[in-house]
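Student: To start, I am sharing the structure in question, which I have written as structure tokens.
None of the figures in this text is laboratory data; all of them are computed from the coordinates on show. In this text, all values refer to a predicted model and were calculated from it rather than measured experimentally. Every residue, glycine among them, receives a Cβ derived from its backbone with ideal geometry; neighbour counts consider all protein chains shown.
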Amino acid sequence: MKICISSTGNDLNAKIDPRFGRCQIFLFVDTDSLEMEAVPNPAATSGGGAGTKAAQLVFEKKAEAVLTGNVGPNAYTALEAAGIKIYTGISGICQEALDAFKQGKISSIEGPTVESHTGLK
């Protein structure tokens, strides 16, 4: 399964970025092979629509789940429409989040966790 982790750096030793739409880097990780790709988030500095643009990238990279700190309403709607599971409340190191996900220790959410434009504040 391919997942996406919002990250502050280019590898699994980096910290989770608490923002989805405006995170610095997306780590796309295959949970079986552990093959990983670090992709700078092109929406991080966008004037608006960051959550939707970030969700589009996750969809294009064929990720089936997102691990992040928070997700706003626009990103949530776009990810949900694409059938991508969303796991929030994630903090700490990316490797720890990946391990917790693989062990089934985190649960997906049923709605956005922050208001629109929270990543700009």
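Student: Taking only DSSP H segments of four or more residues, each worth -39500 (n - 2.57), what value at 222 nm results for the chain once the sum is divided by all its residues, to the nearest 500 deg cm²/dmol?
Tutor: -7000 deg cm²/dmol
Student: Highest mean first, how do 51-61, 82-92, 29-39 rank when packing is the count of other Cβ atoms within 10 Å averaged over residues?
Tutor: The most tightly packed comes first, giving 51-61, 82-92, 29-39.
Student: Turning to a different aspect of this structure: Match the structure shown to one of the listed values [x] 15.3, 55; [y] 12.5, 37; [z] 13.1, 41 of Rg and Dmax of the Cα atoms in Å, computed from it, and give that label.
Tutor: [y]
Student: Then there is this: Residue separation times 0.36 nm, minus the C-alpha to C-alpha distance between THR8 and GLN103: what's the value?
Tutor: Stretched out fully, the THR8 to GLN103 stretch lengthens by 31.9 nm.
Student: Next question, about the same structure. Roughly how big is the chain's charge dipole about its Cα centre, with Cβ charges of +1 (Lys, Arg) and -1 (Asp, Glu), in debye to the nearest 20?
Tutor: Result for the chain is approximately 300 debye, rounded to the nearest 20.
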